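The values are calculated or read from the model by the stated rules, or taken from the named source; none is laboratory data. From a predicted model like this one, the values you see are computed outputs, not experimental measurements. Glycine gets a Cβ as well: all are built from the backbone with ideal geometry, and neighbour counts include every protein chain shown.
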Amino acid sequence: MTSLRTNVTRVKRFRELKATLRTHRERLLVGIDVAKAAHVVQIRRAHTRILEQTVTLPNTTAGFTAFWRRLQQHQRATGLTEVVVALEPTGTYHQALAQFLDAHGADVVLVDTHVAALHRRLLDRTWDKSDPKDAHNLCDLLEQGRVLFCALPDEPMTTLRRLVRLLRRARVELGACKARWQNTLRPALGPAGDPLPAPVLATLPAPLRAFLPAGERRGEPGRPRPLPPGLAAELTDLAARCTAVRSRIATLDAALVAATAPLPATAWLRSIPGLGPTLTAIILAELGDIAWFTKFSQLRKLAGLDIVRVQSGQWAGTARISRCGRPLLRWALYQAALGACRTPAWRAKRETLLAKRQGDPHAFFKTNVEVAAKLLRVIWGVWRSGRPYTGGRASAPAA
């Protein structure tokens, strides 16, 4: 069922809830422990009393409808109109229920799984875990306001995120093929420190030659030498896998370009140095909508590029990035930083930052991370302004 409210409207409503969850009593709070076959629910009046300790909710449309009627009965009995539901993100199992409840007017929020696990141990100071205890735990965290925004992306963002997920899997498979070549098959063809003999190079399937160093690929192949049948079969199988994966990657890249074309932010982000079509698609899919964020610090935390430091008494650790948030977004920003530094302006910025880290063996990597954080600020400014990037400021939109 499609949500009746846009994500921008839901973000504004979430901010209002976040500010009043700890104090407002005139609400029905619902904690749902999500499962594959049936969910477990607890219903309570905020900061007052538990209305139903444990309710079983079948994971079917009929079960959702019956549960909503049950909530309406509680609304009539208590005179409360607002219903706030807390879910723990569980892959895609919670999405159908979240969309159903949102379409019927309930406010759906998420509880971080790590926070839920830590808080569950405080309920009765035991190590056990059960579905009713999880539902009770979610209601407690809901009363404390320890909740996250539940995004329900619509088209074309849903398609874009699925394509990005498929592209990531395909690239992981290609990396696995390369690792199998380097660690298993390449040593079987001769000493890894020596170039491949010309007769072996002539026998090697073409898709696997892309894994060789550039100097070896340009070598003159000699007369083919027969390989042992088992080794030849492994090389042929790996070559077929590489060809199939590369074909999938090319298809997904083209689909990503088509999926990002309708989005207005695509043209603005593509004007930023280092952002090609694939990286732009990944950043759009990971960020969703810039209207969800009110401060740049929120964006930086999502990318895991915020600075953290461990301190105790007179001792203070070294400041570093948190590396929390979304790793794929952080990877895309790092790759974009490498591409941006191919331009004179951004290369000069990197050289200036490198000069401040003389003697640090990891200076190049740290500097690229710093450039990635600066690039994220540029993305923030360009996307919010709705104007393309032109070196220092957004240009006026074309007439």
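Summed over segment 84-137, residues that are touching a helix residue (DSSP H, G or I) at 6+ places or on another chain (Cβ under 7 Å) and of a type in the set (Gly, Ala, Ser) total 2. A search for C-beta distances below 8 Å between a residue of segment 283-296 that is assigned to a loop (DSSP other than H, G, I, E, B) and any residue that is modelled with pLDDT under 90, counting only pairs 6+ apart in sequence or on different chains, returns Gly288/Asn7; Gly288/Ala151; Gly288/Pro153; Gly288/Met157; Asp289/Asn7; Asp289/Val8; Asp289/Met157. Within segment 272-283, the residues that satisfy the criterion of being in contact with a Lys or Arg (Cβ under 9 Å, 6 or more places away or on another chain) and either within 30 Å of Lys12 (Cβ to Cβ) or among the aliphatic types (A, V, I, L, M) (or both) are Thr280, Ile282. Would you be able to say whether some residue in segment 292-300 is touching an Asp or Glu at 6+ places or on another chain (Cβ under 9 Å) and closer than 23 Å to Ser385 by Cα? Looking through segment 292-300, at least one residue is touching an Asp or Glu at 6+ places or on another chain (Cβ under 9 Å) and closer than 23 Å to Ser385 by Cα. Taking (1) assigned by TED's automatic domain parsing to the domain that holds Gly31; (2) of a type in the set (D, E, K, R); (3) at pLDDT 85 or above in turn, Arg162 satisfies each apart from (1). For segment 255-269, the set of residues classified as closer than 15 Å to Pro156 by Cα and surrounded by fewer than 22 Cβ atoms within 10 Å (Cβ to Cβ) consists of Ala255, Val257, Ala258, Ala261, Pro262, Leu263, Pro264, Ala265, Thr266, listed by residue number.
Identify all residues within segment 2-45 that are more than 15 Å from Pro132 (Cα to Cα), β-branched (Val, Ile, Thr) and in contact with a strand residue (DSSP E or B) (Cβ under 9 Å, 6 or more places away or on another chain); write none if there are none. Answer for segment 2-45, where residues must be more than 15 Å from Pro132 (Cα to Cα), β-branched (Val, Ile, Thr) and in contact with a strand residue (DSSP E or B) (Cβ under 9 Å, 6 or more places away or on another chain): just Val11. From the list Pro262, Pro344, the lone residue that is at pLDDT below 95 and out of contact with any Pro (no Cβ under 7 Å at 6 or more places or on another chain) is Pro344. Across segment 110-138, the qualifying residues are those that are under 15 Å from Gln42 (Cβ atoms) and among the aliphatic types (A, V, I, L, M), and the one among them that is nearest to the chain's Cα centre (by Cα) is Val111.
Starting from residues that are at pLDDT below 95 and among the polar types (S, T, N, Q), keep the ones in segment 21-52 and report whichever is surrounded by the most Cβ atoms within 10 Å (Cβ to Cβ). Across segment 21-52, the extreme among qualifying residues is Thr48. Please specify each residue of segment 257-284 satisfying the condition of being touching a Leu at 6+ places or on another chain (Cβ under 7 Å), farther than 16 Å from Gln335 by Cα and not hydroxyl-bearing (Ser, Thr, Tyr). If the condition is that a residue be touching a Leu at 6+ places or on another chain (Cβ under 7 Å), farther than 16 Å from Gln335 by Cα and not hydroxyl-bearing (Ser, Thr, Tyr), then Ala259, Leu263, Ala265 are the ones that fit. With respect to Leu287, determine if the residue is buried (at least 17 other Cβ atoms within 10 Å of the Cβ), at pLDDT 95 or above and either in the same structural domain as Cys177 (by TED's automatic domain parsing) or aliphatic (A, V, I, L, M) (or both). Against the criterion (buried (at least 17 other Cβ atoms within 10 Å of the Cβ), at pLDDT 95 or above and either in the same structural domain as Cys177 (by TED's automatic domain parsing) or aliphatic (A, V, I, L, M) (or both)), Leu287 does not qualify. Considering the conditions (1) part of a loop (DSSP other than H, G, I, E, B); (2) touching a helix residue (DSSP H, G or I) at 6+ places or on another chain (Cβ under 7 Å); (3) within 12 Å of Leu142 (Cα to Cα), Ile32 is excluded by exactly one of them, (1). Mind checking whether some residue in segment 139-154 is within 30 Å of Arg121 (Cα to Cα), in a helix (DSSP H, G or I), touching an Asp or Glu at 6+ places or on another chain (Cβ under 6 Å) and touching a residue at least 12 places away in the same chain (Cβ under 8 Å)? No: zero hits. The residues listed here are Thr65, Thr61, Thr81; of these, the one that is in contact with a Lys or Arg (Cβ under 9 Å, 6 or more places away or on another chain) and loosely packed, with under 15 Cβ neighbours inside 10 Å is Thr81.
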